[in-house]
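The values are calculated or read from the model by the stated rules, or taken from the named source; none is laboratory data. Owing to the predicted nature of the structure, the values given are computational and were not obtained by experimental measurement. Don't worry about glycine lacking a Cβ; one is built from the backbone with ideal geometry, like all the others, and counts go over all protein chains shown.
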Amino acid sequence: MSDVTGHDHSVQQSPLVSPKRTAYVYPSDLECDVTTGTGATLHMRPIRPDDADQLVHFHLNLSSGSIYRRYFSFHPELSENEVEHLTTVDYVDRLAFIVEDGDQLVAVGRYDRIPDTSEAEVAFLVTDRYQHHGLGLLLLKHLADAAFPIGITTFTAETQVNNRSMLGVFNDSGFPVTSSIEDEIVSLTFPIKPTEKSRARYAGRRKRPQGKGKGKHS
């Protein structure tokens, strides 16, 4: 899911250094366990380049419908360049979280800062078996929590008008979402400063991570 909105230049940060994160240094403090809407405990962490094989396998196991709703086209395989781009992020202006059930990647969400602005495009994708478990909402929450302290104040997104699940994630986020529709595409924008409503939506859904076999850092 990609997105475009107007730009707000009121908050700027260095492209390399943030108050809490330094570019290309793996932010282990962002790792956590999360509880799904079904009560399952999964592990969420920032993506790493060595997740490439996991990401390829994840994509290959998506239904054609899930792929179309994410990319607005049929895109059955990721190219080598796409995999490298998606797994290599700076953890500041570009950040992606993956959600794992054991060693299986089941969801991924990311933001990409629009250059020279305080806005970022946000997108996420959940494997079919784990859809409707609240993972989209959890990814959005953690992306916003990671972005806001470094000067990103607004998220934007685009989705298809009939993608009710995705629209529901944004509308249930607790953030004040505004939207417009053109050619069956919904464009959304919302400030990500935490509100009482957004905090209430995620209360009790994050835990300190328990030991995990793949907990290595780059």
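Could you run through the range 64-116 and say how many residues are of a type in the set (S, T, Y), part of a helix (DSSP H, G or I) and modelled with pLDDT of 95 or more?
1
Inspect the range 47-60 for any residue being surrounded by 18 or more Cβ atoms within 10 Å (Cβ to Cβ), among the polar types (S, T, N, Q) and either assigned to a strand (DSSP E or B) or modelled with pLDDT of 95 or more (or both) and give the result as yes or no.
yes
Yes or no: L167 modelled with pLDDT of 95 or more, aliphatic (A, V, I, L, M) and within 15 Å of the chain's Cα centre (by Cα)?
In short, no.
Hey, S180 hits all of (1) out of contact with any Pro (no Cβ under 6 Å at 6 or more places or on another chain); (2) modelled with pLDDT of 95 or more; (3) under 25 Å from D93 (Cβ atoms) but one; which does it fall short on?
Every listed condition holds for S180 apart from (3).
For the subset of the range 145-168 comprising residues that are under 25 Å from I67 (Cβ atoms) and in contact (Cβ under 8 Å) with a residue 40 or more places away in the chain, which member is surrounded by the fewest Cβ atoms within 10 Å (Cβ to Cβ)?
Going through the qualifying residues, I end up with Q160.
Go through (1) over 23 Å from T38 (Cβ atoms); (2) in a loop (DSSP other than H, G, I, E, B) one by one and return the number of the condition A123 breaks.
Evaluating A123 over (1) over 23 Å from T38 (Cβ atoms); (2) in a loop (DSSP other than H, G, I, E, B) leaves (2) as the failure.
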